[in-house]
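Asker: Below you will find the structure I want to go over with you.
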Amino acid sequence: MTGQLDIGAATPHTFQRPAGPIAALTAGPADGPVVLLVPGFTGSKEDFGPILDDIGAAGLRVVAIDLPGQYESPGRGDFSVDALGEAVRDVASTLADRVHLLGHSFGGFVARAAVIASPAQFGTLTLMDSGPAGIDGGRRARIDRLRPVLIEHGLAAVYEAMTSEPDYVAGPPDVEAFLHKRFLASDPDGLLAMGNGVIDEPDRVAALRATGLPVLVLTGVDDDAFPPSGQAEMAQRLGASFVEIADAAHSPAVDNPPATAAALIRFWT
């Protein structure tokens, strides 16, 4: 069964930039149209692993990154949404004149900021399980609850608290080991700033629509972070396509890779 750690034939790559290196996984033909994938809060490039081969097989060059401060991309200084968007633009500028950009969850806020700042760099934008503004509900409450734990006790204490919650469902041992390693590799200042960003992000839908860029809003039908109904309304405001992926929640690239890859490839090609 395909899982989060199945990255297929994708190969590691590092983008060098003055503010620090960006770790990536790449797949597909070197001369194909470029797709750049941006992960969400506490995520990484591996969150797209199960769809990389399918996208590459469609003739697209796909690049999935860790944002600065995530996993294998060391970070320093400014971890605001706009600063992270600048990092995305830096990577995009090394890849092609115009790049298809996708942001997952918090990464959707970052990708949106990149597009608003420099729409000419991008051919399309896909917002995957991302909303018009900051997150609310249970996930927001968890961030609020764990913020003082991070400040006072550090990353290990936060991870212990998260995995000790009554509703936590552990995955296979290899996935659990990876998630633990990835979380502890986070930059604490980056995690704190991104946590604030995922809550405090303002509604920038009008500014995004003003760019005129084609947009796809894609969500797992059971997304429990950003309600699909809210994402559908955002798509309507954007004049964007809206696709729901069956048998998927907040991580459709992991939950239902074939349907997710097929929907994305249709949009990009």
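The values are calculated or read from the model by the stated rules, or taken from the named source; none is laboratory data. What you are looking at is a predicted structure, and each value in this text was computed from that prediction instead of being measured. Quick reminder, even Gly has a Cβ in these numbers, built from the backbone with ideal geometry, and neighbours come from all protein chains shown. Just so you know, the surface numbers come from the protein's heavy atoms only, side chains and all, with ligands and any DNA or RNA stripped out. Shrake-Rupley method; radii C 1.70, N 1.55, O 1.52, S 1.80 Å.
Asker: Could you check Ser44 against (1) of a type in the set (S, T, N, Q); (2) open to solvent by less than 10 Å² (accessible area, probe 1.4 Å); (3) over 15 Å from the mean Cα position of the chain (by Cα) and say which number it fails?
Answerer: Evaluating Ser44 over (1) of a type in the set (S, T, N, Q); (2) open to solvent by less than 10 Å² (accessible area, probe 1.4 Å); (3) over 15 Å from the mean Cα position of the chain (by Cα) leaves (3) as the failure.
Asker: Against the conditions (1) part of a helix (DSSP H, G or I); (2) in contact (Cβ under 8 Å) with a residue 40 or more places away in the chain, where does Arg142 fall short? Just the number, please.
Answerer: The number of the failed condition is (2).
Asker: Taking Glu244 as meeting all but one of (1) in a loop (DSSP other than H, G, I, E, B); (2) under 22 Å from Arg139 (Cα atoms), write down the number of the exception.
Answerer: It fails just one condition, (1).
Asker: Do the conditions hold for Ala253, that is, is it open to solvent by 40 Å² or more (accessible area, probe 1.4 Å), touching a Phe, Trp or Tyr at 6+ places or on another chain (Cβ under 6 Å), within 16 Å of Pro39 (Cα to Cα) and among the small types (Gly, Ala, Ser)?
Answerer: No.
Asker: Being at pLDDT 95 or above, closer than 18 Å to Gly107 by Cα and in a loop (DSSP other than H, G, I, E, B), is that true of even one residue in the range 10-17?
Answerer: Within the range 10-17, none of the residues are at pLDDT 95 or above, closer than 18 Å to Gly107 by Cα and in a loop (DSSP other than H, G, I, E, B).
Asker: Can you name the residue in the range 47-66 that is of a type in the set (A, V, I, L, M) and surrounded by fewer than 24 Cβ atoms within 10 Å (Cβ to Cβ) and is also nearest to Gln121 (Cα to Cα) among such residues?
Answerer: Leu60
Asker: Can you name every residue in the range 2-30 that is among the β-branched types (Val, Ile, Thr) and in contact (Cβ under 8 Å) with a residue 12 or more places away in the chain? Break it down into steps so the answer makes sense when it comes.
Answerer: Step one: list which residues in the range 2-30 are among the β-branched types (Val, Ile, Thr), which gives 2, 7, 11, 14, 22, 26.
The answer is Thr2, Ile7, Thr11, Ile22, Thr26.
Asker: Follow-up. Could you list, in sequence order, all residues of the range 95-118 that are touching a residue at least 40 places away in the same chain (Cβ under 8 Å), out of contact with any Gly (no Cβ under 7 Å at 6 or more places or on another chain) and open to solvent by 20 Å² or more (accessible area, probe 1.4 Å)?
Answerer: Once the filter is applied, which keeps residues that are touching a residue at least 40 places away in the same chain (Cβ under 8 Å), out of contact with any Gly (no Cβ under 7 Å at 6 or more places or on another chain) and open to solvent by 20 Å² or more (accessible area, probe 1.4 Å), the range 95-118 yields Leu95, Ala96, Ile116.
Asker: Just to verify a result, which residue in the range 129-168, among those that are of a type in the set (Ser, Thr, Tyr) and either within 30 Å of Gln236 (Cβ to Cβ) or open to solvent by 60 Å² or more (accessible area, probe 1.4 Å) (or both), is farthest from the chain's Cα centre (by Cα)?
Answerer: Applying the filter and picking the extreme gives Ser164.
Asker: Check off (1) open to solvent by 10 Å² or more (accessible area, probe 1.4 Å); (2) without any contact (Cβ under 8 Å) to a residue 40 or more places away in the chain; (3) closer than 30 Å to Leu155 by Cβ for Gly85 and give me the number that stays unchecked.
Answerer: The one condition Gly85 does not meet is (1).
Asker: With the requirement that a residue be part of a strand (DSSP E or B) and under 14 Å from His104 (Cβ atoms), what does the range 26-48 give you?
Answerer: Result: Val35, Leu36, Leu37, Val38.
Asker: State yes or no: is Gly69 on the phi > 0 side of the Ramachandran plot and buried (at least 24 other Cβ atoms within 10 Å of the Cβ)?
Answerer: yes
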